[in-house]
1. I want to confirm something. Restricting to the range B:112-150 and keeping residues that are surrounded by fewer than 23 Cβ atoms within 10 Å (Cβ to Cβ) and assigned to a loop (DSSP other than H, G, I, E, B), which single residue is nearest to the other protein chains (Cβ to nearest Cβ)?
2. Mind listing just one residue for me: the one in the range A:157-198 that is without any contact (Cβ under 8 Å) to a residue 24 or more places away in the chain and surrounded by 21 or more Cβ atoms within 10 Å (Cβ to Cβ) and, of those, farthest from residue B:13 (Cα to Cα)?
3. Find all pairs meeting these conditions: Cβ atoms under 6 angstrom apart; at least six residues apart or on different chains; first residue within the range B:244-269 and surrounded by fewer than 23 Cβ atoms within 10 Å (Cβ to Cβ); second residue not in a helix (DSSP H, G or I).
4. List, please: which pairs have Cβ atoms under 7 Å, are six or more places apart or on different chains, and start with a residue in the range B:61-79 that is in contact (Cβ under 8 Å) with a residue 60 or more places away in the chain and end with one that is part of a loop (DSSP other than H, G, I, E, B)?
5. If a residue has to be facing another protein chain (nearest Cβ under 10 Å) and surrounded by 18 or more Cβ atoms within 10 Å (Cβ to Cβ) to count, how many in the range B:156-182 make the cut?
6. Given the conditions (1) part of a helix (DSSP H, G or I); (2) surrounded by fewer than 20 Cβ atoms within 10 Å (Cβ to Cβ); (3) within 11 Å of chain A (Cβ to nearest Cβ), and given that residue B:87 satisfies all but one, which numbered condition is not satisfied?
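Read the figures in this text as sums done on the coordinates, not as results from a lab. Keep in mind the model is a prediction, meaning the values are calculated, not measured. No Cβ is skipped: glycine too gets one built from the backbone with ideal geometry, and neighbour counts run over all protein chains shown.
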């Protein structure tokens, strides 16, 4: 076999575990290799079916919210305000989880809120994953001052009081999803950068990278075609562990008034709506919070299990 | 050791410098200070004069240099709202947040350490799984909602505890549980993994061989050694708790720095916000520095190998 055809993706030896990295699967093999893993995971820990079903429901509800929700999430009906849930006296079946202080249907708002959470989680993780991975590749591949600058930047983000940053941005530009994504990116890129950098450091001295460099491949090509495919699997695992974090962050910022602005149905905004009513109309805050809890707990349970499955070294932690 | 010490301190200073850059950009983003300091009756001459006094007519790089000089001298200006020293405004509120943070930290340890120990001893049993879920629950509960639910249960329904404010020891209970639960998962994981390591050590085997009762072996011999890694991490957890207090203080009307953040942003009181922003940054960076140096002091491998920075 000549060196020019020695593509790392073809060699099973390249997907070994080294220096604390997760088993790296080449890009095109991920779909086929992850699926048996997931089924195997379910067979070993049957209880995981519950959080997985909750997550599936969350995604479906988020995608189809406008068709699924019986009522408008923003239309007010003051005559119906603070109707209790259907099973209490004074509750009506058309408003299963009751209404808020403007008479809006809480169930419909939670269904639309799933869309906000789902979109924030997807966009936030894709954006910070892309930025963080790119910077981590650069830091790991070039080393020296590029590495120093990027990693000190990563350290700095941890020292930033994130709520202050978020609220100041909201004051300056007005609250909105853009701010939430910016803050998410500011917080999360360093996690991807650290992981990508650590793996690149161990990969870049390997034969296939040295060979590519000897053949005259450009730095960009080496990073994009040889290094990135090999670290992608572990970055996907890292992402599953961030989903819950992003959903809670969006809800918290929205609760503080620095995220999605009312009357949009963000779960955080809904909990904030009911804050002053906690003594008289408990359902306004309780149900949206339960939705956050269910989704985030499920995603954390599944993410934890996937991490354990793929990295036996972490199973004890 | 000296070389390691120097390199870590340099790193901390660079990080701190980057932080002031963020603080400066943030302050400039929030708009022209002249709009806040001068009222509608001021003339164009007033504005030019004021800009000169504040150095706002100079190039942006010079403005940053002036800003940095003032910060290094501890000169943060006066609060726009109270016209008093911004620094003392923050310092007056800090004790409240420190008290709440300490109480929360204790709650967190009281929950996390026993669970960490028990889940390690009863590894791979139902108790292990239950402990894990309890800790994950803390990470999944949004703080603001947990606070409201605790108010609903213990203040509104049962009427056992106050719903907010300060005044007695009872006022601490709900806020510190709310704030403390979030860090339980992290501490628990550390204790559990340290316990698993320690339980396999020879001195534990020896203690058992001597015929010591199992609780004595676990809670005295093993725990005493397993508690070191979580404790070194404590400083960083504590700063994270203080920063997280913004949400808890909002829910429980707690008069600490977190509330001050919200009030100051509402009033656009930027000198005060900047101090809090930098204060938390300095606390975080110095806690990390102390932890790293303690590790290096305890473990020669870190200080002797190049680039031996502790990675979390």
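1. Only one residue fits best here, namely B:141.
2. For the range A:157-198, the residue satisfying everything is A:168.
3. Every condition considered, the pairs that remain are B:253/B:164; B:253/B:165; B:267/B:81; B:269/B:79; B:269/B:80; B:269/B:81.
4. Short answer, once both residue conditions are applied: B:78/B:84; B:79/B:269.
5. 2
6. (3)
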